[in-house]
Amino acid sequence: MSVFTAAVAGKGGVGKTTFSALAVRHLHDSSKEVVLAVDADPNANLHAKLDAPLGRTIGDLREELLANVDELPAGVSKQEHVEYQIRLALTEGGGFDLLTMGRQEGAGCYCYINNILRTFIDSLSEKYAYIVMDNEAGMEHLSRRTTRSSDTLFIVSDTSKAALESASRIADLARDMDLSTYRTVLVQNLMRPDEEVAQFRSFSGFDAVYGVRRSALIQESSRSTESLMDVPATDPAFADIAKAIDEERRTTAGR
């Protein structure tokens, strides 16, 4: 069923979770479909941007399964038990369902459990037309295939040299891992209104470059709340993110 799957990565502090949250909002607002939002960053905070409780994480579930792998309810298979627990871990919000991956593995062998999780997360993903994954910079979950591959990998950067170089390294890493990603694009975030995105097109390795203007409203409201659910569609950052999402939806639909 999946129509468009977006993965979002970037150096810490460049606004990738803000991009992800506003992408979720726009996809729901424009399609009226329930969007699957996946927080694949161990430092989970997508829930706060979406004004949703953190709830249970897949990391918590994985640890519980490893500790109690031989103590399942009578008459229930491991696969059935995992599927049931994953559904309990979903947080329902206004126009989205949120799945939080949480912490990485601790000590012990997780291969069997990760295989079960991968199977059922993929099965769950197929029930949604739109999926947005807020990924950590190292793309740990994409590399281990515990989340679906993407139509477009949005790599978010600010205007600093360090962030742009980090974005290029993430793009190189994605190619080295041979991910099943149709397009890899650069999102130049926190731009001044007078800046031109064309000056950043010299960064090779990207299929497209998008600019997102700095939002005074988001910066001001962040002093009192992390939620982005009340940001108006006319906000410059929201409008630029919506434009980038719509362009990628059109491009990947025509492949």
* Structure fact -> Projecting the Cα atoms of Tyr84, Val197, Ala44 onto the charge dipole of the range 4-253, where Lys and Arg contribute +1 and Asp and Glu -1 at Cβ, the residue farthest towards the positive end is Val197
* Asked: Peptides 20-29, 241-250: what's the order by average Cβ count within 10 Å, highest mean first?
  -> 20-29, 241-250
* Cα-projected label distance for Arg103 with Leu66, points at 7 Å along beta-carbon direction, nm -> 1.0
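Starting from the range 43-92, pick out the trypsin sites (Lys or Arg not before Pro) whose DSSP state is loop and whose Cβ has at most 16 other Cβ atoms within 10 Å.
none
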* Structure fact -> Karplus ³J(HN,Hα) for the range 45-55 (6.51 cos²θ - 1.76 cosθ + 1.60, θ = phi - 60°; Hz, whole; x = Gly/Pro) runs 8, 4, 4, 5, 5, 8, 6, 10, x, 5, x
* To do: Treating only the Cβ atoms of Lys and Arg (+1) and Asp and Glu (-1) as charged, compute the dipole magnitude of the range 179-240 about its Cα centre; round to the nearest 20 debye.
  => 180
* Averaging sequence separations of C-alpha pairs under 8 Å and six or more residues apart, then dividing by the length of the range 4-253, give the relative contact order as a whole percent. => 28
* To do: Could you bin all the Cα-Cα distances of the range 4-253 into 10 Å bins starting at 0 and give me the percent of pairs in each, rounded to whole numbers?
  => 7, 32, 35, 18, 6, 1, 0
* Asked: Counting DSSP beta bridges with both partners in the range 4-253, what percentage is antiparallel, nearest 5?
  -> 5
* Structure fact -> Fewest to most Cβ atoms within 10 Å: Leu164, Leu36, Leu88 sort as Leu88, Leu164, Leu36
* Structure fact -> Label model pair Lys32, Thr251: point-to-point distance (7 angstrom along the Cα→beta-carbon line) in nm is 2.9
* Asked: Taking amide hydrogens as modeled 1.01 Å from N in the peptide plane, which residues meet the under 5 Å criterion relative to Val38, leaving out close sequence neighbours?
  -> Leu99, Val132, Met133, Asp134
* To do: Taking 7 Å along the Cα-to-C-beta vector as the label spot, tell me the Asn43-Lys78 distance in nanometres, rounded to one decimal.
  => 3.4
* Counting other C-beta atoms within 10 Å, which of Tyr182, Tyr128 has the fewest, and how do the rest follow? -> Tyr182, Tyr128
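Hey, got the dipole for the range 4-253? About the Cα centre, +1 on K and R Cβ, -1 on D and E Cβ, debye to the nearest 20?
In debye, rounded to 20, the range 4-253 gives about 380.
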* **Calculated FRET efficiency for the pair Leu90/Glu226, C-beta based, R₀ 25 Å, to 0.05** => 0.75
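Computed from the coordinates by the stated procedures, all read-outs in this text should not be read as laboratory data. Everything numeric in this text was worked out from a predicted model, so none of it was measured. Every residue, glycine among them, receives a Cβ derived from its backbone with ideal geometry; neighbour counts consider all protein chains shown.
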